[in-house]
Amino acid sequence: MLRAIESSGRATDSKLYVDYMTAMCRCGNYEEAIETFTRAPRTTFTCTAVMKAYAEAMDWKLAEALFEDMRRDGPAPNDHTHSAMLHAYEKSLQWERAVRLLNQLTSEGKAKEIHHNIVLSVLGKCTQWQRAEVLFRDMRELYNIQPSRVTYSTLISAYGRSGKTDLARKVFEQMLARRIPPDDYTFVGLMLGPASEGNFRECSKIATEMKELYDVEHTVHTYNTLIQAADIAGNYDKAVEVYDELLQRGIEPNNTTRELVVAVSKRGANFYDRQQKTAAVASYAAGLVGVMGMALGRW
């Protein structure tokens, strides 16, 4: 549709290009978003939109090059541009660059809560939990930024990814003491530690706590973490059972679900094939392959 408007000779403004690039990113067509930028007027908004596409395409270098051009020659980056650049670093696990940019923004008086939260996230993903801990403390004590639910949940995830389950639970209790209600991401953070160890029972316990004590509904993110825990434990039948429950509850799987289910199905089928003990085992292996086929058919 955009090309038809362009070829018709009708006037196009930057908002139309931004909306189109945003739509392309949402449906995963990052290449189209990036190509569209070559025809768009160069504004802060179009530059920010294509930086988001670069981030999703895992090309932080292109995002960084454009960001530096903007800072040097214009158009001037805004808060959303800073978030897009930090997100590009986060997606590509470039935590040192993210910290460096946050420090620059802080020295210029431009750092916002969302910028700190993104850096907390990349530190957590890179198991830099001690740095995340320092950043969380600095937010409150140096920059007078009151942590939100997102901030607390991100720190909990940072501890969880590093296997610091006791620290994750401690921050969770602090969050509750401040009367900040948890959400599904909070509980996923609590589950990350036991999930990485294949402790499905503990993850299931947290999922039950989530619903029964705090009335937080299970989402695709909690189901994904349960599938991951079962997979790491080698409990492939439980992983498939969780996936079936997700579908029965009408929750739409996402790309992470797809990757998990396909991997579980392959590993499970190979595992049971190696056992070669009974017809029942062979039948179950075939069932896992069927689940993989169903997953591939959904996406």
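The values are calculated or read from the model by the stated rules, or taken from the named source; none is laboratory data. None of the values given here were measured: they were computed from a predicted structure. Reconstructed Cβ throughout: ideal geometry from the backbone, glycine too, with neighbour counts over all protein chains shown.
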**Request:** Would you be able to say whether some residue in the stretch 42-61 is farther than 30 Å from S162 by Cα, without any contact (Cβ under 8 Å) to a residue 60 or more places away in the chain and not in a helix (DSSP H, G or I)?
**Result:** yes
**Prompt:** For T225, which of the numbered conditions (1) touching a residue at least 12 places away in the same chain (Cβ under 8 Å); (2) closer than 21 Å to L135 by Cβ fails to hold?
**Reply:** (2)
**Cβ pairs under 6 Å, 6+ apart, first in the stretch 187-210 and on the phi > 0 side of the Ramachandran plot, second of a type outside the set (S, T, N, Q) and outside any helix (DSSP H, G or I)** = G198/A233
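Pick from A233, A229, A177: which is over 25 Å from P147 (Cβ atoms), of a type in the set (A, V, I, L, M, F, W, C) and over 21 Å from the mean Cα position of the chain (by Cα)?
A233
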**Residues of the stretch 47-80 that turn out to be surrounded by 22 or more Cβ atoms within 10 Å (Cβ to Cβ) and among the polar types (S, T, N, Q), as a count** = 1
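Is it the case that the stretch 113-124 has a residue that's under 18 Å from T186 (Cβ atoms), without any contact (Cβ under 8 Å) to a residue 40 or more places away in the chain and touching a Gly at 6+ places or on another chain (Cβ under 9 Å)?
yes
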**Prompt:** Going through the stretch 177-203 one residue at a time, which ones are farther than 17 Å from W129 by Cβ, surrounded by 14 or more Cβ atoms within 10 Å (Cβ to Cβ) and either touching a Leu at 6+ places or on another chain (Cβ under 7 Å) or of a type in the set (A, V, I, L, M, F, W, C) (or both)?
**Reply:** I180, F187, F200, C203
**Message:** Looking only at the stretch 92-112, filter to residues that are free of Cβ contacts under 8 Å to residues at least 24 places away in the same chain and farther than 19 Å from A55 by Cβ; which one of those is nearest to the chain's Cα centre (by Cα)?
**Reply:** N103
**Message:** modelled with pLDDT of 90 or more and assigned to a loop (DSSP other than H, G, I, E, B): which single residue out of Y223, Y214 fits that description?
**Reply:** Y214
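For the structure I just gave you, tell me whether G268 is in a helix (DSSP H, G or I), modelled with pLDDT under 90, touching a helix residue (DSSP H, G or I) at 6+ places or on another chain (Cβ under 9 Å) and crowded, with 23+ Cβ neighbours inside 10 Å.
So G268 fits the description; yes.
Restricting attention to helices (runs of 4 or more DSSP H) lying wholly within the stretch 88-170, give those where 3 or more residues are of a type in the set (S, T, Y) and either crowded, with 23+ Cβ neighbours inside 10 Å or in contact with a Lys or Arg (Cβ under 6 Å, 6 or more places away or on another chain) (or both). Break it down into steps so the answer makes sense when it comes.
Values: elements: 95-107, 113-125, 129-141, 149-161.
Answer list for the stretch 88-170: 149-161.
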